[in-house]
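Have a look at the structure below before the remarks.
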Amino acid sequence: MSQRRLLREGHESHLRILPRFIQILHGRRHPRNNPRQICSDEIMHQDIIPIYAADIQDQLKKQFAYLSGGRGGDGCPVITFPDYPAFSEIPEKEFQNVLTYLTSIPSLRDAGIGFILVIDRRQDKWTSVKASILRIAASFPGNLQLVLVLRPTGFFHRALSDIAFKFNKDEFKMKVPIIMLGSVSELQGYIDKTQLTEDLGGTLDYCHNRWLSRRTAIEGFAQKVKQTAQILQSFGTELAETELPNDVQSTSSLLATHTEKKDKMKEDIRLAVEQGDDILGSITKPVTENPEYKLNQDQLDNQTTVERLLAQLHETETAFDEFWIKHQQKLEQCLHLRNFEQNFREVKAALDIVSERLSAFTDVGNSCSHVEHILKDLANFEEKSCETIARARMLASEGDAFIQSNHYAVDSIIPKCSELHHLCDAFTTETEQRRNLLNKSLELHGLLEKSMKWCDEGIYLLASQPVDKCQSQDGAESALQEIEKFLDTGAGNKIKELNKIYREYAHILNEDLKEHVQKVFQKQESMEEMFQKRQISLKKLAAKQTRPVQPVAPRPEAFVKSPCTSPGLQRDYVSNSESSALRKVNYRKGKSEMTELHQSRGGSTMDDEENLAVLRQHVINELIETERAYVEELLCVLEGYAAEMDNPLMAHLISPDLQNKKDILFGNMEEIYHFHNRIFLRELENYIEYPELVGRCFLGQMKDFQIYEKYCQNKPRSESLWRQFSDSVFFQECQRKLDHKLSLDSYLLKPVQRITKYQLLLKEMLKYSKNCEGAEDLQEALTSILGILKAVNDSMHQIAITGYDGNLNELGKLLMQGSFNVWTDHKKGHSKVKDLARFKPMQRHLFLHEKAVLFCKKREENGEGYEKAPSYSYKHSLNMAAVGITENVKGDAKKFEIWYNAREEVYIIQAPTPEVKATWVNEIRKVLTSQLQACREASQHRTLEQTQSLPLPTSSCTSPSRNRIRNTKKLEERKADLASLEGSGTTVAPKCPEKDKGWAKTSHSLDASEENDGWSSAEDPLNSSDAEEEGGGGGGEMKLTPGKYTVVTDYEKGISEEFTVKSGDLVQLIREGEDGLWYVKNLSTGREGWIPANNVLMLIGNSKSAQSLSSSESGTASSTLSTSSSCSDSCNASSTSFSDIKG
């Protein structure tokens, strides 16, 4: 049924109630139900005469006329005009109002009989009597029965009135006779004494003020009843014509408004009833006080009127209550309908969501643990959905109750209830089907895993059987028994019929699962085939008789033949021939046995490879299984904790200080989960058949592993937040729902534990894959993972640096960090300060970046967990573009120097161990070498430009060609010195004996750019004498000297074909040989060989072309690199000043 039709029917039913209600309000009852036939006009005649006592109260108070309540013989009402001196002065309007009002009080029946007027003029004059009678006759509005006039009591005026009345009788013509009375006794002849007031000699109890207040009260009550009836009529019409709203809020508001108005109406009726009861009580009070007291007719009429008004008021209230009950029921049914419809929409939407989520449970799992996890998710989902299902069933029951109670919108409620029942039943059925499918999948995966486990155990058994022991009969028999015993266990573990599996589990077998079943079955068949082959071999060995190896006599070195042979000699020859034949037979037997032994050894090698393959398979299985478990744990945390922080139903359990801090608590765990779930786990599963190649999987995703650095950097903040709110009810509720034995902080540590686990698994895999194809990839992957762990560890320290004003990211990549003892030695410092600095080391934590090295002071913090991690207070930093190093300091193998700006600032660094020192020195050397390489490329470009524009300087004592050769040798030797700066030997360039003199600034020269290609290196103050010895001698040419150098270019053309070097290798020049050859040892590979000197210069100097080195001032001069120059200076300048120093 449509909504419009329902509203129309509800409105029509309302209108059917209204006429009866209005009929009751107007008092139009059927005469058969009212024996007294009291006309409503008697109560509501004010509709015709709108004059009320309250309106003319002041006029009535003058008492020039009053209705005492007395009656004539036939019940005519008596109106008395007492003696009123100012009668003639009463305004005509007031006079007419009073008379009209007084004549309106009696009932229409009594008024229809006529009124008796008693005009008391005993104290007046005849002229006034005449005027009063004429005025009354002219203005009286009602019917008259009799007019009784008490004439003046004075003799003169009484006589005059008799005469005047006789002669002027025509002037007093009225519809009724006028009787002149001389005394009250005569009056009592016309009206009974009991019907006359005391001033007329009667006994009627009359008080004008009391009469006036009572009339005012009765009329006020009548007006109240009338107004109440009219208001109820209007309200009833309004209620009946009100359209029913279409929403809950409007319906509820309308019901509240109507109820409020109804309550006000009921209160008005209650007050009106109280008012009527009070009036009725005041009327009947004399009778109550004195039972013998008799009410006069007017009092009886008043009592009747009030009782009639009260009865009508009660009847009106009853009719209104009846109408209101139906109206309220209609509104309440409408409100129930609107609530039902709104709840239906909400529940329907919730059921749609639940059904959609249920339909997402299509995965049948890829392992037992995966299926168990899905089943657990399904159970959790079902538990969470129970509330929605229960709400839907409750709403359907509510709708059924509406139907049973004859709700006016039954046609609209029935379809909705049916739909709710259907959806709930469908959800329950679908959930049960999903659970059955998953249980079936769990059963299948259990079979598959049992089969795989059985296969793995079988392979392990084959790999664990020692081949040497199986060569004996007893060993072979023992091995056979082990195999047979193991095969007996296959009855309950292996897959017997593949087609039977397909038939039994057809409804859950998708393509992936079917492929997995096939692989397991193939693996099972392969393993059984391996067992069959092993059984055949062992049976042969068990059946073979052991044959001792016969000794073979040594063959004679020489055999002497005689041309003349004797029988004895002939016998010896034959004997020797037989011996030779015997030796051949024994040789063949021995060869056969050796072949068998070789085959057995080959089988042993194959078994070793088989064992390694099994171990590799174990490692890859562990890697994949733990990876799956890791992904599931991350998902569990994200759904069970992180998602619940956004759940409105759980918001009341979350502390205000914890709200909006999900990113701090969980960091980028969601990013880590998506990487492992969508990418890394799937890639790993592709290598399950090729475990030795898994290193490629790691190398392919190595950049993505850097997301762990962000997670670890956020871990201190997460740990601090967790410690602050670990007792939160929210976390306890989430842990309860997940059924976790461990709290959230244990799961937040999982990513940190996982990234450290990979290097252990890679080490294991590498150990079992030494001779495999992917060994190099495994080694590279292990190195990369260790590099990531180091970067993560370094970044954890880096974020603890405080007091640094700049941006640490601008310093480039963080390469190293560690704690050292540091001594300072500055040229500009005070001598005592320098001496003190040498004896009192500072504890400093150094951070080596690509562009700077930072010196910080380590400060331990109090607290627990990550809050106990140290912080580093920044002290100062050195720009790597102006840094030099001295690799060895005499007296301590753990010390090295870092100096700055031509040794203006020198820092002696003491490492914890020589190994740490070597690592740092190598890393700093790499940074400086990379800077040097960049500077050389720029300077070589400038040198080519200068070579084209400037002539070569010549010497007067040499020919140009010879000078070029010598300059070329000097340049090559200088490059050798530059290479020595990069090696692990000395870090100072050769110097002249005049060490106090520096390089003088000169004009531009050809080798200025080459000179500036050097990177800053420090003079060792303790080795300065060694440096001078190396640089002295007055020779004008620089020669190669034995030492260690770093190779800057590949070389594969040595005298020995096996000797090759690659860029970055560390080589040692051992000795110089003939023909300009040097004997060189590659310390990186351990190989040695002879290399031409020119090639050595190119190898360690990284120079592609020879340039001349001028010595214009002295032929015995030597050159050295500026110790105060830096890469940045050389790169920015077009040339750098230098000069030869005279010897």
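The values are calculated or read from the model by the stated rules, or taken from the named source; none is laboratory data. Every value quoted in this text rests on a predicted model; they were computed, and no experiment measured them. Note that we place each Cβ from the backbone using ideal geometry, even for glycine, and neighbour counts take in every protein chain shown. Each accessible area value is taken on the protein alone, full model and side chains, heavy atoms only, with ligands, DNA and RNA left out. Shrake-Rupley method; radii C 1.70, N 1.55, O 1.52, S 1.80 Å.
Step by step: first the residues of region 304-328, then only those that are surrounded by 17 or more Cβ atoms within 10 Å (Cβ to Cβ) and of a type in the set (S, T, N, Q), then the one that is farthest from residue 226 (Cα to Cα). Which residue is that? Across region 304-328, the extreme among qualifying residues is 305. Within region 476-501, the set of residues being surrounded by 13 or more Cβ atoms within 10 Å (Cβ to Cβ) and free of Cβ contacts under 8 Å to residues at least 24 places away in the same chain comprises 478, 482, 498. Only residues that are open to solvent by 10 Å² or more (accessible area, probe 1.4 Å) and touching a Lys or Arg at 6+ places or on another chain (Cβ under 8 Å) were counted across region 66-86, and they come to 2.
In region 923-951, the residues that are within 25 Å of residue 896 (Cα to Cα) reach residues that are at pLDDT 85 or above and open to solvent by 60 Å² or more (accessible area, probe 1.4 Å) with C-beta atoms within less than 8 angstrom, at least six apart or across chains, in these pairs: 927/850. It is to be established whether one or more residues within region 356-364 are touching a residue at least 12 places away in the same chain (Cβ under 8 Å), in a helix (DSSP H, G or I) and crowded, with 17+ Cβ neighbours inside 10 Å. Looking for residues that are touching a residue at least 12 places away in the same chain (Cβ under 8 Å), in a helix (DSSP H, G or I) and crowded, with 17+ Cβ neighbours inside 10 Å, one finds at least one in region 356-364, hence yes. Got at least one residue in region 559-582 being touching a Lys or Arg at 6+ places or on another chain (Cβ under 9 Å), among the acidic types (Asp, Glu) and modelled with pLDDT under 90? Within region 559-582, none of the residues are touching a Lys or Arg at 6+ places or on another chain (Cβ under 9 Å), among the acidic types (Asp, Glu) and modelled with pLDDT under 90. Determine whether residue 621 is touching a residue at least 12 places away in the same chain (Cβ under 8 Å) and surrounded by fewer than 18 Cβ atoms within 10 Å (Cβ to Cβ). Yes: the conditions hold for residue 621. With the condition kept exactly as written, say whether any residue in region 503-524 is at pLDDT 85 or above, among the aromatic types (Phe, Trp, Tyr) and either closer than 17 Å to residue 613 by Cα or under 47 Å from the mean Cα position of the chain (by Cα) (or both). Yes - at least one qualifying residue is present in region 503-524. Based on what the data block shows, is residue 128 modelled with pLDDT under 85, polar (S, T, N, Q), crowded, with 16+ Cβ neighbours inside 10 Å and on the phi < 0 side of the Ramachandran plot? Yes. The set of residues in region 880-897 that are among the hydrophobic types (A, V, I, L, M, F, W, C) and over 52 Å from the mean Cα position of the chain (by Cα) comprises 889, 893.
Scanning region 227-249 for residues that are open to solvent by less than 50 Å² (accessible area, probe 1.4 Å), part of a helix (DSSP H, G or I) and under 18 Å from residue 333 (Cβ atoms) yields 239, 240, 248. Taken over region 86-122, the criterion of being of a type in the set (Ser, Thr, Tyr) and either on the phi > 0 side of the Ramachandran plot or not in a loop (DSSP other than H, G, I, E, B) (or both) is satisfied by 88, 100, 101, 103, 104.
Would you confirm whether or not region 655-678 contains a residue that is touching a Lys or Arg at 6+ places or on another chain (Cβ under 7 Å), closer than 25 Å to residue 782 by Cα and assigned to a helix (DSSP H, G or I)? No, every residue in region 655-678 fails to be touching a Lys or Arg at 6+ places or on another chain (Cβ under 7 Å), closer than 25 Å to residue 782 by Cα and assigned to a helix (DSSP H, G or I).
Report yes if some residue within region 791-803 is open to solvent by 40 Å² or more (accessible area, probe 1.4 Å), more than 27 Å from residue 687 (Cα to Cα), out of contact with any Pro (no Cβ under 8 Å at 6 or more places or on another chain) and at pLDDT 85 or above; otherwise report no. Checked against the condition, which is being open to solvent by 40 Å² or more (accessible area, probe 1.4 Å), more than 27 Å from residue 687 (Cα to Cα), out of contact with any Pro (no Cβ under 8 Å at 6 or more places or on another chain) and at pLDDT 85 or above, region 791-803 yields at least one hit.
Residue-by-condition table, conditions (1) in contact (Cβ under 8 Å) with a residue 24 or more places away in the chain; (2) open to solvent by 60 Å² or more (accessible area, probe 1.4 Å); (3) over 25 Å from residue 517 (Cβ atoms); (4) touching a Pro at 6+ places or on another chain (Cβ under 6 Å):
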position: 403; (1), (2), (3), (4): no, no, yes, no
position: 411; (1), (2), (3), (4): yes, yes, yes, no
position: 417; (1), (2), (3), (4): no, no, yes, no
position: 420; (1), (2), (3), (4): yes, no, yes, no
position: 424; (1), (2), (3), (4): yes, no, yes, no
position: 446; (1), (2), (3), (4): yes, no, no, no
position: 449; (1), (2), (3), (4): yes, yes, no, no
position: 470; (1), (2), (3), (4): yes, no, yes, no
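A quick yes/no check of all residues on (1) of a type in the set (S, T, N, Q); (2) at pLDDT below 90; (3) in contact with a Lys or Arg (Cβ under 6 Å, 6 or more places away or on another chain):
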{"site": "734", "(1), (2), (3)": "no, no, no"}
{"site": "741", "(1), (2), (3)": "no, yes, no"}
{"site": "752", "(1), (2), (3)": "no, no, no"}
{"site": "758", "(1), (2), (3)": "no, no, no"}
{"site": "762", "(1), (2), (3)": "no, no, no"}
{"site": "770", "(1), (2), (3)": "no, yes, no"}
{"site": "773", "(1), (2), (3)": "no, yes, no"}
{"site": "779", "(1), (2), (3)": "yes, no, no"}
{"site": "788", "(1), (2), (3)": "no, yes, no"}
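Anything in region 210-226 that is in contact with a helix residue (DSSP H, G or I) (Cβ under 6 Å, 6 or more places away or on another chain) and surrounded by fewer than 19 Cβ atoms within 10 Å (Cβ to Cβ)? List them, or say none. Residue satisfying the conditions is 212 alone. Take residue 692 and tell me if it is assigned to a helix (DSSP H, G or I), in contact with a Gly (Cβ under 7 Å, 6 or more places away or on another chain), surrounded by 15 or more Cβ atoms within 10 Å (Cβ to Cβ) and among the acidic types (Asp, Glu). When the stated conditions are applied, residue 692 passes them.
In region 103-125, of all residues being closer than 18 Å to residue 297 by Cα and buried (at least 22 other Cβ atoms within 10 Å of the Cβ), the one that is farthest from the chain's Cα centre (by Cα) corresponds to 118. Screening region 268-291 for residues that are of a type in the set (Ser, Thr, Tyr) and free of Cβ contacts under 8 Å to residues at least 24 places away in the same chain and picking the one that is most open to solvent (accessible area, probe 1.4 Å) gives 288. Only one of the numbered conditions (1) of a type outside the set (Gly, Ala, Ser); (2) open to solvent by 40 Å² or more (accessible area, probe 1.4 Å); (3) more than 17 Å from residue 340 (Cα to Cα); (4) within 30 Å of the chain's Cα centre (by Cα) is violated by residue 368, and that is (2).
A count restricted to region 133-153 and to residues that are of a type in the set (Gly, Ala, Ser), more than 21 Å from residue 74 (Cα to Cα) and out of contact with any Asp or Glu (no Cβ under 9 Å at 6 or more places or on another chain) stands at 2.
Looking only at region 763-788, residues that are touching a residue at least 12 places away in the same chain (Cβ under 8 Å), open to solvent by less than 80 Å² (accessible area, probe 1.4 Å) and either of a type outside the set (A, V, I, L, M, F, W, C) or under 15 Å from residue 700 (Cα atoms) (or both) come to 11 in all.
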